[in-house]
Amino acid sequence: MSAIQLPPISARRRRTDRIMRGLLLSGTVVALIPLVLIIYYLLYKGLGSWSGNFFTSDPNGSFFGNPGGIRSAILGTLEIIGLATAGAVPIGVAVALWLTEYGKQTRYANVVRYFIDVMTGVPSIVFGLFIYITLVISKVGGQGFTAWKGSVTVALLMLPIVIRSSEVVLDLVPGSLREAALALGAPRWRVIARVVLPTAAPGLVTGSLLAIARGMGETAPLLFTVSSATVLTGSLNGQMNTLPVQIFGDITSPKSAVVDRAWGAALTLVALIFILNLIARAVSRRSR
Amino acid sequence: VEAHAANGTGGGRAAFVRSPLHRLPDQVLRWGLGGLATAILVLIAYFFIRLIGQSGTAFNHFGISFVLGNDWDPSREIYKGLPLLIGTLITAGIALLIGVPVAVASALFVTELCPRRVRAPLGMLIDLLAAVPSVVYGLWGVFVLGPKLEPVEKLFGNALSFIPFIGDSASQIQPGNYFIAGLILAIMILPIVSAISREVLNTVPPEHKEAALALGATRWEMIRMAVLPYSRPGVTGGAMLGLGRAVGETIAVVLVIGDSENLGHHLFDQGYTLAAVIANEFGEAANDKLHSSALFAAGLVLFVLTLIVNVLARQFVTRGARGKRFGGDVGAATNAVAVAGPPV
C-alpha cells in the first residue's frame, strides 16, 4: 500500500481529454487536406499537358489547335529571378553582416531590424505599385514595362528574407572563432571574409534558396512591372513572359486547351519551388 | 584590437598599431555596409512618399469618402472605396475564423501530442503549404474548390438562413464569393500561423508541463492550464501576422472573389478587396489620371492597414517574450519564422 493515493481521474475528465485530443488530431488532418488535394489535382490535370512540345514551344495565341507551350515563360522566370538573386543576395548578406558584426544591439541597428521586419509584412502588390510609380510610369531606360524592373521588385521582396535568415546564421558563428582570428592580428575585414562568411556559407545558401523559392511564385508585382509577352525574348529591357503571369492569364481563358496549359505550367512552377526547398533542406542538413 | 593597439604606449605594442592606410579597408567595409542598411530605409521612405504623392489626386477629389463612401464605379468616375475595404475585412475575417483554430490545433498536436518521431515530418508537411504560389491557389480555387463547394454552400445557406448576413442567400450563390475567397486565404495563412505557434509552444518550459502532469492533470488539462496561458501572446501575434498576409493577398483573391464593385449582400455574394481591385483595374486605368490615382490610393490604404496590423502583431510577440523567464527567444524565433517563412 503506497503512502499517497491519488484520486482516480473521473470519467468526465477522461472523456474531455479524449475529445480534445481527438479535436486536435482532426485539426491536423484538416490542415493537411488542402495540401493533398492541391498536389493531387496538380498531378492529375498538369501531367496530361506535359507532352510533346510543351516545354519547347511558346504560346502562339492561335485560336484553333495547339495553343503552344511554356518555353518562354520558364526562361523568363529564370532570367528575372536570376537577376533578382544577383541583386538581393549580396545586398542582403551585406546588411546582415553589418547587423551582426558592426551594428549588433545598438539602437540604430534595432531600428533597421524593425523596419526590415515590417518590410516583410508589406503586401507584394504594394511593392509592385512602388516600382510602377518610380520606374515604369516615368519610362526609366526608355521602356515602360521591362523585365529588369520586375527583377528589382522581386529583389525587394527577397531582401528582408535574405537579411533575416542570414542574420540568424551569422549569429551562430561562434564568437571564439572571430576572437581567435583577431588575436592573431587579422583585420576585421579579413576575419569577415576568411572566417565568418565561410563558416556561415551553407546557412547563407539555404536562406537564399528559400528566398528564391518565395520570389519565384510572385505574380502581382510582375503584373505591374514586366507586364507580359508571349514570344521568347532575351532582352531584359523589354516585356517578358513569366510562369506566374502566364498561368494568371490562362486561367481566365474560355478555351479548355489554354486552361490545361495553366495546369501544366502550375505543376512546373510548384515542382521548381519544391525542388529549391528540397535543395535548401539538403544543404542545411549537410552543414549540421 | 585597433583601439587597444592605438592607445598602447609601451614600446612592444607599437608593433600592433596599424597605419591609417591599413585601417582603410576596415573603415570602408564598416561604413559601406552601414550605408547599405541605411539606403534600404531611405528607399522605403522614398517609395512611401511617392505613393502618397500619386494618390493625392484621388484623396483631394473624394476626401474621407474615398474610404467611407459606398460607391466604386469607374464608368461614372466615382471612386469611394467602402465596398473594397469591407470586402478586405470580411475575407480576412473569414480566413482568421477558419485558419487560426486549425493552425493552432495542428501546432498543439505536433508539439504536445504526436509521437516524437513524426513531429518533424508533420511540421514540414504543413510548411509545404507555404511554398505553393498564390496563383496556383487561385487556379485550384477557380476550377476545383469553387465548383465542388457549391452544394455545400447551398446547404449551409439554407440551414443558417435565420442569420442576416448568411441567410437569404441559398438561392443566389455566386461562383466567386466572399466565402470561397476567405477559405482560400485561410489555407494560405495556415502554414505561417502554424509555424509561429509551433515555435512559441516549443518555448513553454517543460517544468510547467511536468508540474501540471505531476499534479494529476490529463494531457488536455496540461495544455489548457500550462501551455496555452504561457503561449497566448505569441500565438496571438502569429495570428495577426496571418491577418496581415490575408489582407494583402492579391492574385488568389482576384480569381475567386467574383470581382464586383458593389458591396455584396451576403456571405456567398460577389465582392472585391483593395488588393484585388488594384490588380484588376490597373490595366484599364493606365491612361486615366483619376482612376489610376484612386488605385494608388487604394494601395496606400492597404499599405497603412497592413502596417498597423504588423506593428501590433510585433508588439504582441515581443510582449509575450518579455517578462518571462524562459520567453526570451519567443520574439526572436517568431520574428525569424515570420520573416523567412516557415523553415521548410
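All of the numbers you see were taken from the coordinates with simple rules; none came from a lab. Quick caveat: nothing in here was measured; it's all calculated off a predicted structure. When we count neighbours, we look across all protein chains shown, and the Cβ atoms used for this are built from the backbone with ideal geometry, even at glycine.
List of remarks:
- Cα-based reach from B:Lys289 at 12 Å (exclusive), listing aspartates and glutamates while leaving out same-chain residues under 8 positions away: B:Glu77
- Nitroxide proxy distance, nm - points 7 Å out along Cα→Cβ at A:Arg13 and B:Arg76: 6.6
- Helix-only CD estimate at 222 nm, as mean residue ellipticity for chain A, using -39500 (n - 2.57) per DSSP H run (n ≥ 4): -22500 deg cm²/dmol
- Rg/Rh for the protein assembly as shown, where both radii come from Cα atoms and Rh is the Kirkwood radius: 1.01
- Gap separating the Cα centres of the range A:41-77 and the range B:141-209, nearest whole Å: 33
- Efficiency of FRET between B:Leu228 and A:Ser176 - r from beta-carbon atoms, R0 30 angstrom, step 0.05: 0.15
- Cβ neighbours within 10 Å from other chains - mean over B:305-311: 3
- Across chain A, the relative contact order, built from alpha-carbon pairs under 8 Å that are at least six residues apart, equals 26 percent.
- Mean separation of Cα contacts under 8 Å, 6 or more apart, over the residue count of the range B:138-238: relative contact order %: 22
- Whole-number percent relative contact order across chain B, with pairs defined as alpha carbons under 8 Å at least 6 apart: 24
- With all pairs of separate Cα atoms included, the range B:112-160 yields a Kirkwood hydrodynamic radius of 13.7 Å.
- For B:Tyr79, residues with placed amide H under 5 Å, excluding near neighbours: B:Asp73
- Remark: spin-label model distance A:Thr230-B:Leu36 equals 4.2 nm, labels positioned 7 Å along the Cα→Cβ axis.
- The distance between label points at B:Leu307 and A:Leu37 comes to 3.7 nm (points 7 Å beyond Cα on the Cα→Cβ vector).
- Anchor B:Lys148: lysines whose Cα lies under 18 Å away (excluding residues fewer than 8 positions away in-chain): A:Lys45
- FRET E, pair B:Val28, A:Gln5, Förster distance 60 Å, beta-carbon r, rounded to 0.05: 0.20
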